[in-house]
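Here's the structure we're looking at; comments come further down.
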């Protein structure tokens, strides 16, 4: 499971499917989905979405790239899906999130802790 999660962390921009991730973990697809959710508390799809949104959060506040460009950079193929997913995870739209301004210069470990969206309290 750790190998598959690490692959998602590295390749979050790529088109990743359950079959390929299950092969990385050396298990069947059904077993992979069940075990991943038990191990990490969310489905592989939701984990990948969250990782993409985390990266988008950083890019929105540290670059001047357009929201559509950021959407594509982090691996979403549809601006609508990106906007809905971002709002669902973060609680506000990408445009509104960007209005918070630039990120302060602090050690990256603090930034990750401060801006990481929580998966607790979400409906399964």
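The values are calculated or read from the model by the stated rules, or taken from the named source; none is laboratory data. Keep in mind that what you see is a predicted model, and the values were worked out from it rather than measured. Please note: Cβ atoms are built from the backbone with ideal geometry, for glycine as well, and neighbour counts cover all protein chains shown.
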What is the one condition in (1) part of a helix (DSSP H, G or I); (2) touching a helix residue (DSSP H, G or I) at 6+ places or on another chain (Cβ under 7 Å); (3) closer than 19 Å to residue 113 by Cβ that residue 55 does not satisfy? (2)
I'd like to check something: does region 88-105 contain any residue that is at pLDDT below 75, within 27 Å of residue 7 (Cβ to Cβ) and part of a helix (DSSP H, G or I)? no
For region 8-23, enumerate the residues that are part of a helix (DSSP H, G or I) and surrounded by 18 or more Cβ atoms within 10 Å (Cβ to Cβ). 8, 21, 22
Could you run through region 38-50 and say how many residues are free of Cβ contacts under 8 Å to residues at least 60 places away in the same chain and surrounded by fewer than 17 Cβ atoms within 10 Å (Cβ to Cβ)? 5
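I'd like the residue in region 51-71 that is free of Cβ contacts under 8 Å to residues at least 40 places away in the same chain and surrounded by fewer than 16 Cβ atoms within 10 Å (Cβ to Cβ) and, out of all such residues, is nearest to residue 13 (Cα to Cα). Outline the logic, then answer.
The first filter runs over region 51-71 and keeps only residues free of Cβ contacts under 8 Å to residues at least 40 places away in the same chain, leaving 56, 59-60, 63-71.
This time we only want the ones that are surrounded by fewer than 16 Cβ atoms within 10 Å (Cβ to Cβ), so: 63-66, 68-69.
Values: 63: 18, 64: 19, 65: 16, 66: 17, 68: 14, 69: 13 Å.
Filtering region 51-71 for residues that are free of Cβ contacts under 8 Å to residues at least 40 places away in the same chain and surrounded by fewer than 16 Cβ atoms within 10 Å (Cβ to Cβ), the one nearest to residue 13 (Cα to Cα) comes out as 69.
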